[in-house]
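Q: Pasting in a structure now, in structure tokens, and then I'll have a few things to ask.
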Amino acid sequence: MALVGLLVAVLVTLCERTTVAQEPVRAAASGPVRLHGLVEPVRSHTVTAPRITGAGPTGGGGLGPLVIVRLARAGMRVRPGDVLVEFDRTSQLKNARDREAEYRDLLAQIDKKRGEQLAARTGRLTGLVVAENAVRRAELDLVGVELQPSVTAEKNQQVLAEARARLAQLRTTHTLHERAEAADLRMLEIQRERAKNAWDHATANATRMRIESPIEGLVVLRAVWKSGAMAEMQEGEEVRPGLPILDVVDPTSMRVRVAVSQADVALLTPGLAVRITLDSYPARAFDGRLQQLSPIATASTMSTRVRSFAAVFSIDGTDEHLLPDLAAAVEFRPAGWAQGARR
């Protein structure tokens with residue numbers, strides 16, 4: 001009996017310790033969870049400096065640098081077709097005119113070549129007609145050869161053989177000239193096609209110097225590294241091809257992207273209701289829901305042992321204070337979280 005009583009006392013003690021140990025977990029689980037992220041637009045369009053064929057490190061190579069001559073202001077509202085950025089296209093227009101001149105020069109060369117070939121072909125065909133007539137006359141001279149003296153007959157046969165050889169030679173030469181002329185003309189036509197492609201490409205390059213907005217939205221200038229600091233591009237500055245200059249964002253639909261630690265990801269469920277506040281405007285609060293949760297974790301830049309999951313929270317409604325790259329806090333209270341979830 002004493003042994004049984006001792007076992008009962010031990011079990012009661014263990015249960016009390018387990019209960020005490022679980023109380024902080026339950027309390028922590030029942031409290032609000034706060035995550036931090038950045039506001040981003042659902043719909044946006046990034047404008048980059050055009051990539052020009054043959055462009056060098058500073059933007060142009062033989063086509064000249066990319067210099068901004070017109071740039072939309074930060075915060076400016078634009079509609080489809082409004083000019084966002086325009087570059088100096090003097091070099092591109094000059095290159096297009098040069099390519100056009102080359103194309104038209106090749107057109108003139110082709111017309112001249114065709115005229116020369118037509119004249120040469122006419123002369124050869126005339127020669128063939130003369131040779132064919134000579135063969136017919138020689139054949140007529142052999143009519144009644146049995147009545148002709150042997151010397152005359154032999155002479156006429158020799159004339160016929162020579163006329164036939166001459167005709168065969170002219171026909172062979174004509175065929176060779178036809179092939180050579182077709183090859184010469186084809187070479188010029190290929191050069192013409194290349195010149196036309198170069199002209200079209202140069203014209204397209206000139207057109208790409210003017211970039212218009214494809215959507216309606218708000219202009220957000222990108223910060224780039226220049227002169228040893230991060231700053232926005234300005235009119236009159238030179239940019240390199242492919243450099244992002246600005247974004248056009250749709251302010252009517254925004255969301256918050258958060259990196260969730262692996263310790264908190266179990267608290268998230270699809271459609272989870274959250275409360276979103278902006279660090280810059282603490283008085284502004286918005287309702288939202290969990291829209292996306294990445295199933296794959298990514299390693300932190302500080303340590304490969306720390307991993308996080310990308311989560312996207314939608315924001316209900318619109319507000320003029322909802323701007324891209326603003327720091328935001330996402331707060332929610334996990335419902336029905338198991339007591340041993342963090343064990």
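The values are calculated or read from the model by the stated rules, or taken from the named source; none is laboratory data. Source: prediction; values computed, not measured. Cβ: placed from backbone, ideal geometry, glycine included. Neighbour counts: every protein chain shown.
Q: Can you name the residue in the stretch 244-259 that is aliphatic (A, V, I, L, M) and out of contact with any Gly (no Cβ under 9 Å at 6 or more places or on another chain) and is also surrounded by the fewest Cβ atoms within 10 Å (Cβ to Cβ) among such residues?
A: First pass over the stretch 244-259, keeping only residues aliphatic (A, V, I, L, M): 245-246, 248-249, 254, 256, 258-259.
The next check asks that each one be out of contact with any Gly (no Cβ under 9 Å at 6 or more places or on another chain); those that pass are 245-246, 254.
Details: ILE245: 20, LEU246: 24, MET254: 25.
Among those residues, the one meeting the criterion is ILE245.
Q: Could you grab me the full set of residues in the stretch 135-174 that are loosely packed, with under 11 Cβ neighbours inside 10 Å and closer than 30 Å to LYS113 by Cα?
A: Listed by number, the list holds a single entry, THR172.
Q: Okay, moving on. Filter the stretch 273-305 for residues that are modelled with pLDDT under 90 and either aliphatic (A, V, I, L, M) or part of a strand (DSSP E or B) (or both); which is nearest to MET254 (Cα to Cα)?
A: ALA283
Q: Give the residue that is nearest to the chain's Cα centre (by Cα), with candidates limited to residues of the stretch 232-272 that are among the β-branched types (Val, Ile, Thr) and assigned to a loop (DSSP other than H, G, I, E, B). Reasoning before the result, please.
A: Of all residues in the stretch 232-272, those among the β-branched types (Val, Ile, Thr) come to 239, 245, 248-249, 252, 256, 258, 260, 265, 269.
From what's left, assigned to a loop (DSSP other than H, G, I, E, B): 252, 269.
Working: THR252: 27, THR269: 36 Å.
Filtering first and then ranking leaves THR252.
Q: Based on what the data block shows, is LYS155 of a type in the set (Lys, Arg) and in contact with a Phe, Trp or Tyr (Cβ under 9 Å, 6 or more places away or on another chain)? Before you say what the answer is, go through the steps one by one.
A: On the way: of a type in the set (Lys, Arg): yes; in contact with a Phe, Trp or Tyr (Cβ under 9 Å, 6 or more places away or on another chain): no.
Considered against the rule, which asks whether it is of a type in the set (Lys, Arg) and in contact with a Phe, Trp or Tyr (Cβ under 9 Å, 6 or more places away or on another chain), LYS155 comes out as no.
Q: Based on what the data block shows, is GLN169 assigned to a helix (DSSP H, G or I), farther than 30 Å from GLN92 by Cα, of a type in the set (S, T, N, Q) and at pLDDT below 90? Step through it out loud before you land on a result.
A: Values: assigned to a helix (DSSP H, G or I): yes; farther than 30 Å from GLN92 by Cα: yes; of a type in the set (S, T, N, Q): yes; at pLDDT below 90: no.
Spelling it out, it is not the case that GLN169 is assigned to a helix (DSSP H, G or I), farther than 30 Å from GLN92 by Cα, of a type in the set (S, T, N, Q) and at pLDDT below 90.
Q: A follow-up question, please. Which pairs do you get when a residue that is farther than 17 Å from HIS174 by Cα, found in the stretch 99-122, comes within reach of a residue that is among the basic types (Lys, Arg) and assigned to a helix (DSSP H, G or I), reach meaning Cβ atoms under 8 angstrom, with the pair 6+ apart or on two chains?
A: Cβ pairs passing all conditions: TYR103/ARG192; TYR103/LYS196; LEU106/ARG192; LEU107/ARG192; ILE110/ARG192.
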